[in-house]
Amino acid sequence: MCKVKEDMNKILLLEDDVSLVDGLCYSLKKNGFEVEIVYTVKEALRLLMEMNRFDLLILDVTLPDGTGFEVCEKVRKQNVQIPIIFLTASDEEVNVIRGLDSGGDDYITKPFKLGELCSRIRALLRRVGASNGEKGTSIECGDITIDFFEGGNGKRRALQRSPDDRGRRGKNVAGGTLKRGTAVGAGHVRPTAL
C-alpha cells in the first residue's frame, strides 16, 4: 500500500490576547497548519535565529513589551524572506503603511473572518512555494520513498518514465534508475536501507 505524506506548514503566532489565541489556533489547526504561539516580542525575538523552522509569521502590532513592527524589521534585517501577516485591531492608515513598509506581506484588522485569513495564508505560502502541497511531500510504497522536494529549493521536478524504458527492471526517474530499495529526492536517486 502506497501513502502520500505531507508536512504541515508551521506558523509562528505572536499574539497577547489569550481569548483570541485559543480560537485562532483551533481554526488554523483545523485548516491544516501547525501553530507555535509566543505572547511577547521578547519571546519572538528569542526565536529569531530559528526562523527557518517556520513557513509564515502572524504578528499582532500592540504587545506589552513592544510591537510586531519591531519583530518584522528584525526578521527582515536578518534577510529572512518568510511571509509575514500583521493581525491587529489597529486599522489606522499610518499603521497599515508602517506594517507593509517594514516588510509585512499583508495587514488584516480585527475583527476578521477566519476563512479569509486562512485563504490569505495559503495564497502567501503558494507565492513563496512553501504551501503544504509543495513542502515535504513524499510518497512511500514499500521500501521505496519518493521525496519530491528534498533539498528545500521548493522546485517541483517531474518524475517520469521515458518510452524507451519499458521492459527494464527499474524505472528511469529524472536521469536515474529507480529500483527496489532506493529513494528519489528532487530528481536524485539514492539507496535506502532495506
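Read-outs throughout are calculated quantities, based only on the coordinates presented, and are distinct from any laboratory measurement. If you're wondering where the values come from, they're calculated on a predicted model, not measured in any experiment. Note that we place each Cβ from the backbone using ideal geometry, even for glycine, and neighbour counts take in every protein chain shown.
Below are the figures for this structure:
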| read-out | value |
| --- | --- |
| Antiparallel %, DSSP beta bridges [both residues in the range 22-118], to 5 | 20 |
| 3J(HN,Hα) from dihedral phi, the range 19-36, Karplus parametrisation 6.51/-1.76/1.60, rounded to Hz, x for glycine, proline | 5, 7, 4, 4, x, 5, 4, 4, 5, 5, 5, 4, 8, x, 10, 9, 10, 10 |
| Kirkwood-based Rg to Rh ratio, the range 17-125, C-alpha trace | 0.92 |
| Positive-end residue, the range 1-95 charge dipole about Cα centroid, Cβ charges, pick of F33, M8, A89 | M8 |
| Summed side-chain charge close to T109 - residues other than T109 whose Cβ falls under 13 Å, Lys, Arg +1, Asp, Glu -1 | -3 |
| Alpha-carbon gyration tensor eigenvalues x 5, square-rooted, for the range 52-116, Å | 18, 14, 11 |
